[in-house]
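Each remark here refers to the structure printed beneath this line.
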Amino acid sequence: MLKNVFEYTGKKVTVFFFEAGKITSLFGQVIYWTFKKPSEVKSIFEQMVIIGNKSLGVVTITSLSTGMILALQTGTAIERKISGAANMLGGIVSLALTRELAPVLIGLVMAGKIGSAIAAEIGTMNVTEQVDALKTMATNPVKYLAVPRFIAAIFMLPLLTIYADLLGTLGGLFISLNIFDGTTGSYFESLNMYMRLDDVFKGLFKTIFFGAIIAVIGSHKGFETEGGAEGVGKSTTSSVVISSMLILVTDYILTAFLW
Amino acid sequence: MIKLNNVIKCFGTQQVVNSLNLEIPDKKTVVIIGRSGCGKSVLLKHMIGLLKPDSGSIVVKGKDIAKLDTAGLDDIRKHFGMLFQSAALFDSLTVAENVGFALTRFTKKSPAEIRQLVKEKLALVGLENVEEKKPSELSGGMKKRVGLARAIAMDPEIMLYDEPTTGLDPIMSDIINELIVNLQKQLKMTSVVVTHDMKSAYKIGDKIAMMYEGRIIEEGTPPEIQNTNNPTVQQFINGSSKGPIQVLG
Ligand SMILES: Nc1ncnc2c1ncn2[C@@H]1O[C@H](COP(=O)(O)OP(=O)(O)OP(=O)(O)O)[C@@H](O)[C@H]1O
Ligand SMILES: [Mg+2]
């Protein structure tokens, strides 16, 4: 019994380090090809457009509702003790959004939307021998498939986060005006008072890492896919789970260092 | 020349290739026959470095490709064309982009020249007006032929064909057989063809090799194979259910 427990744990730990090694190696190759020769320029732009198209809708809904919820929750809580919550909402909403909520929520939403798509697409190519076909035509699959997705993701995540920062702030303004009788002037005055530009930049800086995680984990799971349609389904799911976990952990580490 | 020496390959506990030796002479066509699941596709993938042997060597143009790194493999692979059993077309690209894939990447030809070449290669495999279609809009046999057009697009020195005529009607099969013969004659290609189609094997092969239980058990010219005394080979080429080959397992 005890032996089984050890054996089981041992196996899991080995598998974990084996996979971590593979991910690290893929990450290394991706970085190498990204800086070596950024070929496949057409493909990079294509991927950027795909990411933008796929995610604009979810990012809009996520950021708008987050800004509104944030304003509503903090506003009502403040009103319990003091009146005139509207005078502080701009600062609270924009700080929470730019430093933390927009980057991490966009990261998680994109892991579901883009990371899964990368894993499914490369995974399907893998099980239908398209990745092998690339190799026979002297084309490195990491360079051809993973690198354009990586570059597109590390550009698009910050862009989408800027959009989310703006939209979330406007969502907060909407609540401030309509629920707490605030004015546009007082909303932006408090925003100005509490928020600094480096809050925005540090938040955006984090999303570059999230983009990297999403693209590398999605590609890794794609390249490791085995066993037909069922395998593609498994890869897709696990790419979302792994990249979400990694995003949260990385978020903590980066936050601890940045502020 | 491609030379396989004592190649061994296992998947888990299943030994698929077992101390296999085979020589593919330059500018000749070698046909590999054998039962479904005996490891023909696996063998073909070893010749272009998609699979690495557990032991043994695979020498192509004087280099053991089992020992090459990615860059070295890419250099060697520029001399190869490969038709996959499943065609393996890139389904995000059109037929024209598939066939022109290597031309676009590795030559300095203009888009117009590439369009013309793509058209010619498609005509060779009996296809026209399919350039703008996606692979999902093609029939199985059409995919196979687009795969073939893609494989020969760069006029490679060495062609690997995995079941080129499977899924084609008899007339189309014959057209593809002639194409393989012509490519070998005109461009002096070295070809390895995996097939179950004995008619095609006799027509295109300079040499036929039969794979059985992970080894090449017999090789020879088409007449030699037709007149073999080996009961296993006889059973296979005559398509009989009775003989030394165990039908189950
Ligand atoms: N990637 C792989 N992982 C595990 N087993 C494999 C793999 N590829 C092939 N095999 C096994 O190796 C054996 C030989 O497969 P292969 O595809 O070479 O057969 P084949 O001779 O080409 O058959 P067919 O004529 O039906 O195409 C099969 O038993 C198959 O299950
Ligand atoms: Mg096969």
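FYI, it's all coordinate maths here, none of it is from the lab. Remember, predicted model here, so these are calculated numbers, not experimental data. Cβ atoms come from the backbone with ideal geometry, glycine included; neighbour counts cover every protein chain shown.
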**Request:** Taking 7 Å along the Cα-to-C-beta vector as the label spot, tell me the A:F16-A:K81 distance in nanometres, rounded to one decimal.
**Result:** 4.1
**Request:** Sketch the reach of a paramagnetic label on A:Y32 as a point 7 Å from Cα along Cα-to-Cβ, and name the residues of segment A:133-171 whose backbone nitrogen lies under 13 Å away.
**Result:** A:140-143
**Request:** Return the subset of A:K143/B:K28; B:K63/B:K185; A:K3/A:K234; A:K42/B:K9 for which the Cα-Cα distance in this structure is over 28 Å, preserving the input order.
**Result:** A:K143/B:K28; A:K3/A:K234; A:K42/B:K9
**Complete:** Output for segment B:102-199: trypsin sites (Lys or Arg not before Pro) sitting in coil per DSSP, at most 14 other Cβ within 10 Å, listed by number, reads B:K108, B:K109, B:K188
**Prompt:** Quick one: putting +1 on the C-beta of Lys and Arg, -1 on the C-beta of Asp and Glu, what dipole do you get for the protein assembly as shown around its Cα centre, in Debye to the nearest 20?
**Reply:** 680
**Request:** Quick one: check the C-alpha center-to-center distance for segment A:180-259 versus segment B:146-166, whole angstrom.
**Result:** 45
**Fill in**
From the cross-link list B:K67/B:K207; B:K3/B:K40; A:K12/A:K221, the entries with a Cα-Cα span beyond 24 Å are B:K67/B:K207
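Grab the Cα-Cα distance for B:K109 and B:I171, subtract it from 0.36 nm times how many residues apart they are, and report the gain in nm with one decimal.
18.9 nm
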**Asked** Summing +1 for each Lys or Arg and -1 for each Asp or Glu, what net charge is found among the other residues whose Cβ lies under 10 Å from the Cβ of A:L95?
**Response** 0
**Item:** Within segment B:84-135, GluC sites (Glu not before Pro) in DSSP loop having at most 16 other beta-carbon neighbours inside 10 Å
**Value:** B:E128, B:E132
**Item:** Radius, Kirkwood style, for segment A:167-259 when every pair of distinct Cα atoms is counted (Å)
**Value:** 16.4
**Prompt:** How are the Cα pair distances of chain A distributed, in percent, across 5 Å bins from 0?
**Reply:** 1, 6, 12, 14, 15, 13, 10, 8, 7, 5, 4, 2, 1, 0, 0
**Label zone at B:E132 (point 7 Å along Cα-to-Cβ), backbone N below 17 Å, segment B:78-96** = B:93-96
**Asked** If you wrap a convex hull around the Cα atoms of chain B, how much volume per residue is inside, in Å³?
**Response** 136
**Request:** With label points built 7 Å along Cα→Cβ from the Cα atoms of B:E224 and A:F205, find their separation and express it in nm.
**Result:** 7.2
**Prompt:** Between segment B:172-249 and segment A:54-133, what is the C-alpha centre distance in whole Å?
**Reply:** 61
**Complete:** Expected integer from the mean partner chain Cβ neighbour count at 10 Å over B:73-85 is 3
**Item:** Qualifying trypsin sites (Lys or Arg not before Pro) in segment A:1-103, DSSP loop, other Cβ atoms within 10 Å at most 13
**Value:** A:R80, A:K81
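With +1 assigned to the C-beta of every Lys and Arg and -1 to the C-beta of every Asp and Glu, and no other charges, what is the dipole magnitude of chain B about the Cα centre in debye, to the nearest 20?
Working: 32 positive and 28 negative charges, 60 e Å.
So the dipole magnitude of chain B works out to roughly 280 debye.
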**Request:** Give me the compactness ratio for segment B:68-136, meaning the Cα radius of gyration over 2.2 N^0.38 Å.
**Result:** 1.21
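Tell me, what is the FRET efficiency for A:L166 and A:L2 to the nearest 0.05, using R0 = 51 angstrom and their Cβ-Cβ distance as r?
Working from the Cβ atoms, E equals 0.35.
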**Asked** Can you give the % of DSSP beta bridges in the protein assembly as shown that are antiparallel, to the nearest 5?
**Response** 55
